[in-house]
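Here is the structure we will look at.
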Amino acid sequence: MSLGRYVLTRLLVAVPVLLGVTVLTFSFLHALPGDPVDAIIGYQSVSPETEASIRAEYHLDRPVWEQYLLWLRDALTLEFGRSPVTGRSVAATIGRRLPATLALGGAAWLLALAIGIPAGIVAAVKRGEPADELSRVAALAGIATPNFWLGLVLLLVFSVRLGWFRVIPPDAPLASLAMAKFMLLPTVTLGTASAALVTRLLRSSMLRELEAGYVRTARAKGLRERTVILKHVLRNSLLPVVTVAGLQLAFLVDGAVVVEQIFSWPGMGRLMVQSILQRNYPVIQAAVLVIGVSIVLVNLLVDIVYAVLDPRIRY
Amino acid sequence: MNDTASSRATQLVYEGLTGVDFDGTVRPVLAEDWTQLDPTTYRVSLREGVRFHNGEELTAAHVAGSFERYEGEARESDVTDWYDGSEIVDDYTIDVRCWREYGPFEQRLFDLPIVPMAAIDGDLDLASRPVGTGPYRFDDYQSGDHWRLTRFADYWFDGDETVPAPAPIETVTLEIITEAAARQGALEAGDIDFSDGVPSASLADLERDAAYGVDRHVGGGFDLVIYPLYREPFSNAQVRRGCNMLIPRETIVENVYHGLGQPAYTPISPLLETYADEEFRERIADEYVRPD
């Protein structure tokens with residue numbers, strides 16, 4: 001099977017996955033206590049006619065399965081309606097929020113790899129030496145530190161006390177130097193745990209590969225140690241890291257819920273929290289779908305990277 | 001819109017017929033004067049020469065339209081609780097009819113924004129572009145990030161001894177900061193000039209620091225316990241009274257609110273002086289806080 005056909009198949013498989021995700025969110029939302037109409041009218045009393053017309057506007061008068069189908073029909077044309085809370089277009093709100101979360105999650109992910117891969121290599125090559133011990137302690141600390149705590153401490157030390165960074169995002173476009181500078185602390189907060197995980201994983205994966213026969217052969221034929229490690233061992237050790245790195249990107253979107261709160265970052269995480277508290281069904285549904293699509297796409301990308309890393313894998 | 005930042009922002013954009021000052025006294029805003037013609041009818045004279053941010057000039061038709069636009073909307077109870085109809089007498093005079101005698105009429109007018117005809121006719125979507133008669137006009141809103149407002153050059157108010165005019169600040173940016181610790185951080189780092197929601201544990205520190213001014217107001221909010229009266233044993237008044245005596249009010253005020261607040265024995269705020277006189281307090285104390 002060619003790569004093109006493989007990608008196509010995977011995209012087709014993604015359709016039932018996304019449908020499943022939306023059905024689950026829809027059912028969970030409707031299982032929550034509380035009537036969304038009450039949230040819309042602000043827990044006041046309105047005339048029965050007005051209540052009926054609000055119910056009809058958001059299809060809340062139909063059975064749940066029919067509400068779902070109506071929602072799905074609109075979602076397919078990217079028509080997510082208006083937020084009953086703010087009166088603004090849901091698509092426009094998500095269009096603003098999504099790039100912010102993707103930028104933060106992407107930056108944290110790159111940071112995790114940029115720290116985790118070199119640290120993992122060093123730890124494996126210098127096994128048992130101080131560099132290895134240090135990386136293991138650091139990785140353990142990285143995994144064990146809750147990101148809400150790390151975020152607040154970084155904010156207090158570097159932004160409030162030292163004044164190196166702003167506490168809240170600057171009034172600048174997302175793709176600007178001022179914004180890139182501001183993103184440093186949230187990126188570190190979000191990326192630390194993932195960096196630690198990548199370090200640990202790569203270290204153990206490389207240690208296993210270093211025992212393999214082909215490493216002895218490579219050394220025996222007089223290859224430089226550097227070439228043995230970087231060209232042979234690293235490449236073979238990366239497969240589990242790639243799997244985890246793909247999953248971590250999804251995990252980073254989750255982590256964004258906390259980090260966005262601390263750094264006042266206008267992303268999807270805060271939007272979701274707020275919308276759930278407000279029983280804002282249209283926004284929650286659309287946000288879950290958009291995040292689901294992003295995660296499916298990332299995992300597809302991961303599978304393509306497999307093939308690039310390991311020529312034995314053919315689709 | 002019903003999130004905090006949005007309501008703060010729109011308070012500067014919209015105005016009602018009346019306003020309520022810091023003492024709770026009703027003051028004229030867009031209404032210059034009003035008289036009660038009979039128990040359910042009020043004649044309201046409007047301020048002349050008031051402009052909306054989109055250039056329209058305030059008339060009685062705006063007032064009628066602003067009240068009537070609520071019908072069938074989620075917020076209709078703001079109006080349908082009392083409003084019956086109105087007759088426009090002339091451009092600057094309108095008779096407002098209530099369907100029942102309505103005590104808080106003047107206070108009610110305070111948070112009913114008067115909006116331009118463009119919004120009443122449906123050409124202007126106030127949700128995405130708020131337009132009113134207030135001292136600040138809408139400039140920009142970024143979801144989850146900020147509201148920006150700029151001073152309205154044609155604002156009607158000429159200033160008085162307490163409030164200067166024009167407003168001294170040209171651009172107001174309301175940053176949306178959900179985390180209370182980050183609000184305090186932003187204040188200390190100078191990213192913001194003012195915050196109304198720092199953690200209560202930090203208030204004492206900020207008060208000691210000469211660099212900050214701390215202003216406190218008594219709020220009307222309270223915590224309460226609701227007993228399910230329909231269920232044993234809460235249907236028994238003795239049990240409820242007993243539970244009530246177990247609530248460590250002083251400890252809650254001290255530890256949960258860091259001393260900000262007062263123990264309450266009824267849902268009636270001390271703001272309502274009439275209900276908070278000595279005799280009343282004693283009776284309440286007698287009823288609820290007897291140690292036996």
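Kindly state, to the nearest 0.05, the FRET efficiency for B:Ala127 paired with A:Leu301, given R0 = 51 Å and r defined as their beta-carbon distance.
Computed FRET efficiency for B:Ala127 and A:Leu301: 0.85.
At a 1.4 Å probe radius, carbon and sulfur cover how many percent of the accessible area of segment B:136-208?
46 percent
Taking 1 over the mean of 1/r across every pair of different Cα atoms in the protein assembly as shown, what Kirkwood radius in Å do you get?
Computed over the protein assembly as shown, the radius equals 29.2 Å.
As a test of the formula, what do you get for the protein assembly as shown when each DSSP H run with n ≥ 4 contributes -39,500 (n - 2.57) and the sum is divided by the residue count, at 222 nm and rounded to the nearest 500 deg cm²/dmol?
For the protein assembly as shown, the value works out to -15500 deg cm²/dmol.
Between chains B and A, what is the buried accessible area summed over both chains (1.4 Å probe, protein heavy atoms, nearest 100 Å²)?
What B and A bury together is about 2700 Å².
Counting only protein chains, not ligands or nucleic acids, how are A:Asp38, B:Asp95 ordered by accessible area (probe 1.4 Å), most first?
Listed by decreasing accessible area, they come as A:Asp38, B:Asp95.
Evaluate E = 1/(1 + (r/R0)^6) for B:Val253 and B:Val214, where r is the Cβ-Cβ distance and R0 equals 25 Å; express this FRET efficiency to the nearest 0.05.
0.85
Which of B:Gln262, B:Gln238, B:Gln11 ends up with the largest GNM mean-square fluctuation for chain B, with Cα atoms connected below 10 Å?
B:Gln238
Just to be sure I understand the interface: list residues from segment A:96-117 that lose 30 Å² or more of accessible area between the chain on its own and the complete protein assembly, 1.4 Å probe.
A:Arg96, A:Arg97
Once neighbouring chains are kept in place and the probe is 1.4 Å, which whole percent of the accessible area of segment A:1-150 is contributed by carbon and sulfur?
Of all accessible area on segment A:1-150, carbon and sulfur atoms account for 70 percent.
Check every DSSP H run in chain A and write down those whose alpha carbon atoms cover 24 angstrom or more along the long axis and whose mean Kyte-Doolittle hydropathy is 1.0 or greater.
A:3-31, A:90-125, A:234-262, A:281-309
Excluding residues on the same chain fewer than 8 positions from A:Lys221, give the lysines whose Cα lies under 21 Å from its Cα.
List returned: A:Lys231.
Leaving out ligands and nucleic acids, note down the accessible area per residue over the protein assembly as shown with a 1.4 angstrom probe, in whole Å².
With all protein chains present, the protein assembly as shown gives 54 Å² per residue.
Along the Cα→Cβ direction, 7 angstrom out, place labels at A:Tyr214 and A:Leu177. What is the inter-label distance in nm?
4.6 nm
Can you give the direction-averaged projected area of the convex hull of the alpha-carbon atoms in chain B, in nm²?
20.3 nm²
Out of the total accessible area of segment B:48-91 (probe 1.4 Å, heavy atoms of protein only), what percent is carbon and sulfur?
C and S atoms contribute 37 percent here.
For chain A, modelled as a GNM with alpha-carbon contacts under 10 angstrom, which of A:Thr243, A:Thr22, A:Thr86 fluctuates the most?
A:Thr86
Positive end of the dipole of chain A, charges at C-beta (+1 Lys, Arg; -1 Asp, Glu), about the Cα centre: which of A:Asn280, A:Ser135, A:Val257 has its Cα farthest in that direction?
Result: A:Ser135, furthest along the dipole toward the positive end.
When a/c reaches 1.5 or more, the comparison of a/b and b/c decides; with that in mind, is segment B:12-120 rounded, prolate or oblate per its Cα gyration tensor?
Rounded shape, in that the Cα axes give a/c under 1.5.
Take chain B, connect every pair of alpha-carbon atoms lying under 10 Å apart with a spring to form a Gaussian network, then pick out the residue of B:Arg43, B:Arg108, B:Arg100 with the largest mean-square fluctuation.
Of B:Arg43, B:Arg108, B:Arg100, the most mobile in the Gaussian network model is B:Arg100.
Suppose every K and R has +1 on its Cβ and every D and E has -1 on its Cβ; what is the size of the dipole of the protein assembly as shown about the Cα centre, in Debye to the nearest 20?
Roughly 5880 debye, rounded to the nearest 20.
At q = 0.10, 0.13, 0.17 Å⁻¹, work out log10 I(q)/I(0) for segment A:1-155 with the Debye formula, treating every Cα as an identical point scatterer and leaving solvent out; two decimals please.
-0.70, -0.93, -1.14
The values are calculated or read from the model by the stated rules, or taken from the named source; none is laboratory data. Bear in mind the structure is a predicted one, so any value in this text is a computation, not a measurement. Cβ coordinates were reconstructed from backbone atoms using ideal geometry, including for glycine residues, and neighbour counts include every protein chain displayed. Each accessible area value is taken on the protein alone, full model and side chains, heavy atoms only, with ligands, DNA and RNA left out. Shrake-Rupley method; radii C 1.70, N 1.55, O 1.52, S 1.80 Å.
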